[in-house]
Amino acid sequence: MKMQSLRSKIAIGLSVVLSAGLVATGLPSAHADTSGLQPTSAQLSAWKGKEITYYFYNDSQAELDITKAQIADFQKLTGATVKLDVIPFTSLDTQLQARIAAGNAPDVARLNNPGLYQSVSLNLETYLGRKYVEEFLKGSTFQVTDPKTKKLIGVPYDLSMNGPIINVDQFKKAGVAIPTSWNWTQLIAAAKKVQAANGTEYAFAMDKSGHRFSTVLSQFNSYMVDKNQRNVLPQSKTRAIKALKLITDLYKADSAPKDLWIGSGTKYASPVAVFVGQQVPVFFSGNFNLATLDSTAKFNFQVVPNPKELNGGGWPGGKFLTAFNTSKTPDLSAYFLHYLADKAQMEQMDKGAFWLPTRNDLVGSGMKYPKRAADMDVYLADTASTPAAAYGIQSVPTLTGLIYNYLRDLMTDVMGGKITAAQAIDKQIAWIDEKLATLKK
Amino acid sequence: MAIFLTFIIWPALRGIYISFFDSTDGRTFTFVGTANYKAIIGDPTAIEVAKATATYVVFYVLIATTLAMFFAIVVNEQKFAKGFFRAVLFLPVMLSPVVVGLIWNDVLDRKVGPLNALLEAVGGGSPGWLIEPKLGMIAVIFVGVWVHLGFYSIILLAGLQGIDRSLLEAASMDGATRGQIIRLIILPLLKPTTLVIIILATIHGFQSFDFIYTLTGGGPFGATTLIVQYIYDHAFQVPIQYGLGSAAGVILFMVIFAFTALNFLLGRKRDAI
C-alpha cells in the first residue's frame, strides 16, 4: 500500500516536473486519446501485402524479443509485413544517414538522436491528429517537435534516466551500507572502500558518454545550453571544472577503467561487461542497462539514488520512434509507430525491458513493474527530482549529440593529461558558441 | 566489364566528382571547388593522420614482408605436419577483422589481459597497450601483421616451390652455405613474388581500418587514426561531410597509385640492370 502511494506521488511529481520544466514546448495541455484508433477497412485492404522496414537498435535481448512479438501481432492486425532491421547502437546514426542519402530510408526507426532527422521525418499529425501529442509527457516530446512548424515528427518511446547501479554483494562484503542518499564525496569513498575490501580492479565506472557525464554537471548545477538555445556553461564554469575533475581524476588514478575510455578512441563504450564481471562495484549508467544486467549478472545488484550536490536527480535522455516522409505507405508507417507507442504495447515493453514510460496514462496510473520495482522506483524518483534546467539542451536537438560527443572527447584528453579540466571547459564553451552561431545562420 | 564499370569505375568517378561539393545529407550538394582539398591540407588532424598512416605503412610493410619471407622458408623446408602449420599460419586471414580487433582488445587489456598477465609474471610490468600512443601504434602494427602474415607467406611459399630444386642442390654441392643459398639464390629468384607482396602490403597498409576501429577506435588520442578512418569519420559520422570524405578518398587513391607505380618502376629498373 505504502509502495503504491509512493509510486503515485512519484508519478504525479514526474508529470509536474516535466511539464513545468518544459513550458517552452508551448503545446496544448488538454488531453486526447487515440488509444482506440483502429485502421479502417479501406486502410486494411490497402495495407494487405505491403511491407515496411523498422530500423531498430536494442540495449537488451528483452527489447528485441518484445519487439518481435509486437511486430507479429501488428502483422496479424494489419496484414502488412514489418521487416525488422536490427542495427548495433554504435553505428545507428552512421548507417541511417548513409541509407537516407542513398534513397533507401527505412519507414520507421527507433532513434536516440531524432533531431538529426527533422528534415526527413514524417509529420505525424497528418495521420494521427493534432492532439496525438497530448498522449505523451510534455517534456518528452521536445526533441521530436519540429522547431519551425511545431508539428510532432516522432514520439518519445522511453524516457531514460541516468544513475548509479551497485554490486550489493560487494558492498555487503565490505561492510558498506547500501546508500539511500549520498553525495559524490561519499560515493567515491564508498566505492574505494568496497574496491579495497573485494580486490576489484576498479572502484567506479561510467559509460563513455558526455550524456552520462552531464548528470554530474547537473548535480553541480552546471548546464551547457538552456531552453532558449543559449550557451550557459560560462555561468557555471567553476562548478563544471570541479565536476569534470572529479570524474577524470578517478580515471587518471586508475580507480576507473581508463583503458576502456581512452582505448576506444572516439567511440562510445560501455563498461557493462566490467560490472557484470564484478571488476567494479559502482557502475554509472542508466535504466536501459537494467534488462541486460537482470539477465546476465550472477550477483545481487541494485539501483541507488543519484548523488546530490547542489542538485539531486539524474539527467534525461530518451529513445524515440520516427517515421520517414519517404515511406511509400506513410499512413501504415504512422500507424505502426502509433501501435508501438500505444498504452498496451508501451506498458509491455516498459515492464519487460525496464523502460520508463512516456505516456501520460501510464505515468498517471503508476507503472507496476513485475520485477525490480524498487530499482525502477529509484529511477522514477530521480526523474521527478531532475532540475528543469537539465532539459534545456533539448532545445537544440540537431546539436545535442554533438555537444555530448565533443565533451566526451575532451574528457579523454583530460584523462590522458593532454589538457587540464579548466582548458577542457574553456574549449567546450568556445565550441558550443561556434555551433550555436551556425544554428542561427 | 559491365560489373566492373558499374561497381568500380562509376563509383570512383562519382567519388571524385563529389569531392568538389559540400553535402551534409547526401541529397543536396553545393559546389565548392577545391575547398575540400584545401580544408584537408590545412587541417592539423589530417597532418597527424598522414604521419600516423606513414608510420603504420612503413613498419607494416617492412615487418610483414620480412616475417612472411621467414615463415615461407621455414614452412617450405618443414618435414612433418606441413598441413597443420600452414593452416595455423593462415588461420588469422580467415577471421573477420572486426572479431580480430575485439579479440586483441581483450588480449591487450592493461589490467586483465592475458598478455600483461604473462609480462607481469616475468617482471615485464603492465604496459598500457591501448592507452599509450606509441604502444597503441605498435599494437595495431603487430595485429595488422598477424592478420595478413599467413596470406603473404602462402604467396611466397608458392613462389619458393616454383624454384628449381636442382639449383639449390647444385649450390649446396658446390659448398654454398645455407645463408648464401638464401641470399644469393632464393631471394633473387623470389624478387617478382616479393614485389607483389610489397605492393599488396602497401595497399593493405593504407587501407587498414576495420580491425583498428574495433581494437583502438583510432585512439589513444588519435595515435592510430589512419587515413581510412579519417575518411569514415568525415563521410559517415555526424556531422556528415561527404565532400570532404570524398576528397580524402581521392587523396588516398592518388597516394596508393603513386606507391604502386613506384614499386613497379623500381622492380623493372632492377630487372633491367
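Yes/no matrix, rows are residues, columns are (1) more than 14 Å from chain B (Cβ to nearest Cβ); (2) farther than 25 Å from A:Val363 by Cα; (3) touching a Leu at 6+ places or on another chain (Cβ under 8 Å):
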residue: A:Trp47; (1), (2), (3): yes, yes, yes
residue: A:Phe56; (1), (2), (3): yes, no, yes
residue: A:Ala62; (1), (2), (3): yes, no, no
residue: A:Tyr117; (1), (2), (3): no, yes, yes
residue: A:Gly129; (1), (2), (3): yes, no, no
residue: A:Lys138; (1), (2), (3): yes, no, yes
residue: A:Pro156; (1), (2), (3): yes, no, yes
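Could you count how many residues in the range B:162-192 are in a helix (DSSP H, G or I), open to solvent by 30 Å² or more (accessible area, probe 1.4 Å) and closer than 25 Å to B:Leu266 by Cα?
Step one: of the range B:162-192, the residues in a helix (DSSP H, G or I) are B:165-173, B:178-189, B:191-192.
Checking which are open to solvent by 30 Å² or more (accessible area, probe 1.4 Å) leaves us with B:165-170, B:172-173, B:178-180, B:182-185, B:187-189, B:191-192.
When the remaining residues are screened for being closer than 25 Å to B:Leu266 by Cα, the result is B:180, B:182-185, B:187-189, B:191-192.
Within the range B:162-192, residues that are in a helix (DSSP H, G or I), open to solvent by 30 Å² or more (accessible area, probe 1.4 Å) and closer than 25 Å to B:Leu266 by Cα number 10.
Scan the range A:267-278 and tell me whether some residue there is open to solvent by less than 20 Å² (accessible area, probe 1.4 Å) and more than 14 Å from every other protein chain (Cβ to nearest Cβ).
no
Inside the range A:326-441, counting only helices (runs of 4 or more DSSP H) that do not spill past its ends, which hold 3 or more residues that are hydrophobic (A, V, I, L, M, F, W, C) and out of contact with any strand residue (DSSP E or B) (no Cβ under 7 Å at 6 or more places or on another chain)? Working first, answer last.
Working: elements: A:330-340, A:343-353, A:360-365, A:373-384, A:400-415, A:421-440.
Counting at least 3 such residues, we get A:343-353, A:373-384, A:400-415, A:421-440.
Could you grab me the full set of residues in the range A:411-430 that are hydrophobic (A, V, I, L, M, F, W, C), more than 14 Å from chain B (Cβ to nearest Cβ) and in contact (Cβ under 8 Å) with a residue 60 or more places away in the chain?
Residues satisfying the conditions are A:Ala421, A:Ala422, A:Ile425, A:Ile429.
Could you list, in sequence order, all residues of the range A:279-306 that are away from chain B (no Cβ under 11 Å), surrounded by fewer than 24 Cβ atoms within 10 Å (Cβ to Cβ), part of a loop (DSSP other than H, G, I, E, B) and of a type outside the set (Gly, Ala, Ser)?
Those that are away from chain B (no Cβ under 11 Å), surrounded by fewer than 24 Cβ atoms within 10 Å (Cβ to Cβ), part of a loop (DSSP other than H, G, I, E, B) and of a type outside the set (Gly, Ala, Ser): A:Lys298, A:Phe299, A:Asn300, A:Val304, A:Pro305.
Between a first residue in the range B:11-33 that is closer than 18 Å to A:Gly103 by Cα and a second residue that is charged (D, E, K, R), which pairs have beta carbons less than 8 Å apart while being 6 or more apart in sequence or on different chains?
If the second residue must be charged (D, E, K, R), the pairs left are B:Phe29/B:Asp22.
Looking at A:Lys227, A:Lys193, which is the one that is under 21 Å from the mean Cα position of the chain (by Cα) and either in the same structural domain as A:Tyr251 (by TED's automatic domain parsing) or of a type in the set (Phe, Trp, Tyr) (or both)? Talk me through it step by step, then tell me what you get.
Working: A:Lys193 fails: under 21 Å from the mean Cα position of the chain (by Cα).
So the residue among A:Lys227, A:Lys193 that is under 21 Å from the mean Cα position of the chain (by Cα) and either in the same structural domain as A:Tyr251 (by TED's automatic domain parsing) or of a type in the set (Phe, Trp, Tyr) (or both) is A:Lys227.
Restricting to the range A:219-258, give me the number of residues that are within 13 Å of chain B (Cβ to nearest Cβ), open to solvent by 10 Å² or more (accessible area, probe 1.4 Å) and in a helix (DSSP H, G or I).
Number of matching residues: 2.
Out of (1) crowded, with 18+ Cβ neighbours inside 10 Å; (2) of a type outside the set (A, V, I, L, M); (3) modelled with pLDDT under 90, what's the single condition that is false for B:Pro92?
B:Pro92 satisfies every listed condition except (3).
Regarding A:Ala189, is this residue assigned to a helix (DSSP H, G or I) and either within 26 Å of A:Lys242 (Cβ to Cβ) or away from chain B (no Cβ under 14 Å) (or both)?
Details: assigned to a helix (DSSP H, G or I): yes; either within 26 Å of A:Lys242 (Cβ to Cβ) or away from chain B (no Cβ under 14 Å) (or both): yes.
Yes; evaluated as a whole, the condition is true for this residue.
Which one is nearest to A:Phe324 (Cα to Cα), of the residues in the range A:49-60 that are in a loop (DSSP other than H, G, I, E, B) and more than 26 Å from the chain's Cα centre (by Cα)?
Our first condition is that a residue be in a loop (DSSP other than H, G, I, E, B); within the range A:49-60, this holds for A:49-50, A:57-60.
Now restrict to residues that are more than 26 Å from the chain's Cα centre (by Cα): A:49-50.
Working: A:Gly49: 20, A:Lys50: 16 Å.
Step by step, filter the range A:49-60, then rank; the result is A:Lys50.
Does A:Gly103 count as of a type outside the set (Asp, Glu), open to solvent by 50 Å² or more (accessible area, probe 1.4 Å), touching a Ser or Thr at 6+ places or on another chain (Cβ under 9 Å) and within 14 Å of another protein chain (Cβ to nearest Cβ)? Full working, then the answer.
On the way: of a type outside the set (Asp, Glu): yes; open to solvent by 50 Å² or more (accessible area, probe 1.4 Å): yes; touching a Ser or Thr at 6+ places or on another chain (Cβ under 9 Å): yes; within 14 Å of another protein chain (Cβ to nearest Cβ): yes.
Taking the combined requirement at face value, the residue satisfies it.
So that you can scan it fast, the table gives a plain yes or no per residue for (1) in the same structural domain as A:Lys343 (by TED's automatic domain parsing); (2) in contact (Cβ under 8 Å) with a residue 24 or more places away in the chain; (3) not in a helix (DSSP H, G or I):
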site: A:Ala62; (1), (2), (3): yes, yes, no
site: A:Lys68; (1), (2), (3): yes, no, no
site: A:Ile71; (1), (2), (3): yes, no, no
site: A:Gln75; (1), (2), (3): yes, no, no
site: A:Asp85; (1), (2), (3): yes, yes, yes
site: A:Ile100; (1), (2), (3): yes, yes, no
site: A:Pro106; (1), (2), (3): yes, yes, yes
site: A:Gly115; (1), (2), (3): yes, yes, no
site: A:Ser140; (1), (2), (3): yes, yes, no
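Those residues that are open to solvent by 50 Å² or more (accessible area, probe 1.4 Å), within 12 Å of chain A (Cβ to nearest Cβ) and out of contact with any helix residue (DSSP H, G or I) (no Cβ under 6 Å at 6 or more places or on another chain), I need them from the range B:226-267; list them, please.
Correct list: B:Pro239 only.
In the same structural domain as A:Asn183 (by TED's automatic domain parsing), within 17 Å of the chain's Cα centre (by Cα) and of a type outside the set (Lys, Arg): is that true of A:Tyr379 in this structure? Spell out how you get there, then give the answer.
Numbers: in the same structural domain as A:Asn183 (by TED's automatic domain parsing): no; within 17 Å of the chain's Cα centre (by Cα): yes; of a type outside the set (Lys, Arg): yes.
For A:Tyr379, the condition - in the same structural domain as A:Asn183 (by TED's automatic domain parsing), within 17 Å of the chain's Cα centre (by Cα) and of a type outside the set (Lys, Arg) - is not met.
Suppose we keep only residues that are within 12 Å of chain A (Cβ to nearest Cβ) and of a type in the set (Phe, Trp, Tyr) within the range B:210-225. Which one would you say is surrounded by the fewest Cβ atoms within 10 Å (Cβ to Cβ)? Step through it out loud before you land on a result.
Within the range B:210-225, the first condition is being within 12 Å of chain A (Cβ to nearest Cβ), and the residues that meet it are B:212-225.
Okay, now just the ones that are also of a type in the set (Phe, Trp, Tyr), so B:213, B:221.
Details: B:Tyr213: 24, B:Phe221: 21.
Of everything passing the filter in the range B:210-225, B:Phe221 is surrounded by the fewest Cβ atoms within 10 Å (Cβ to Cβ).
Of all residues being within 11 Å of another protein chain (Cβ to nearest Cβ), in a helix (DSSP H, G or I) and not acidic (Asp, Glu) in the range B:105-129, which is least open to solvent (accessible area, probe 1.4 Å)? Just the residue, please.
B:Asn116
So, in the range B:141-161, how many residues would count as being exposed (fewer than 13 other Cβ atoms within 10 Å of the Cβ) and touching a residue at least 60 places away in the same chain (Cβ under 8 Å)?
Here is the first cut: in the range B:141-161, the residues exposed (fewer than 13 other Cβ atoms within 10 Å of the Cβ) are B:158, B:161.
So of that shortlist, the ones also touching a residue at least 60 places away in the same chain (Cβ under 8 Å) come out as B:161.
Residues in the range B:141-161 being exposed (fewer than 13 other Cβ atoms within 10 Å of the Cβ) and touching a residue at least 60 places away in the same chain (Cβ under 8 Å): 1 in total.
Which residue pairs have Cβ atoms closer than 7 Å, lie 6 or more positions apart in sequence or on different chains, and pair a first residue in the range A:236-260 that is aromatic (Phe, Trp, Tyr) with a second residue that is part of a helix (DSSP H, G or I)?
Correct list of pairs: A:Tyr251/A:Lys258; A:Tyr251/A:Trp261; A:Tyr251/A:Met415.
Each row is one residue, and each column tells you yes or no for (1) polar (S, T, N, Q); (2) crowded, with 18+ Cβ neighbours inside 10 Å.
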| residue | (1), (2) |
| --- | --- |
| A:Leu337 | no, yes |
| A:Leu340 | no, yes |
| A:Gln345 | yes, yes |
| A:Gln348 | yes, no |
| A:Lys351 | no, yes |
| A:Asn360 | yes, yes |
| A:Gly366 | no, yes |
| A:Tyr369 | no, yes |
| A:Ala374 | no, no |
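Does A:Ile165 count as of a type in the set (A, V, I, L, M, F, W, C) and outside any loop (DSSP other than H, G, I, E, B)?
So A:Ile165 fits the description; yes.
The values are calculated or read from the model by the stated rules, or taken from the named source; none is laboratory data. The structure presented is a predicted model; accordingly, all values stated were derived computationally and were not measured. Don't worry about glycine lacking a Cβ; one is built from the backbone with ideal geometry, like all the others, and counts go over all protein chains shown. What goes into the accessible areas is simple: the full protein's heavy atoms, side chains included, and nothing from ligands, DNA or RNA. Shrake-Rupley method; radii C 1.70, N 1.55, O 1.52, S 1.80 Å.
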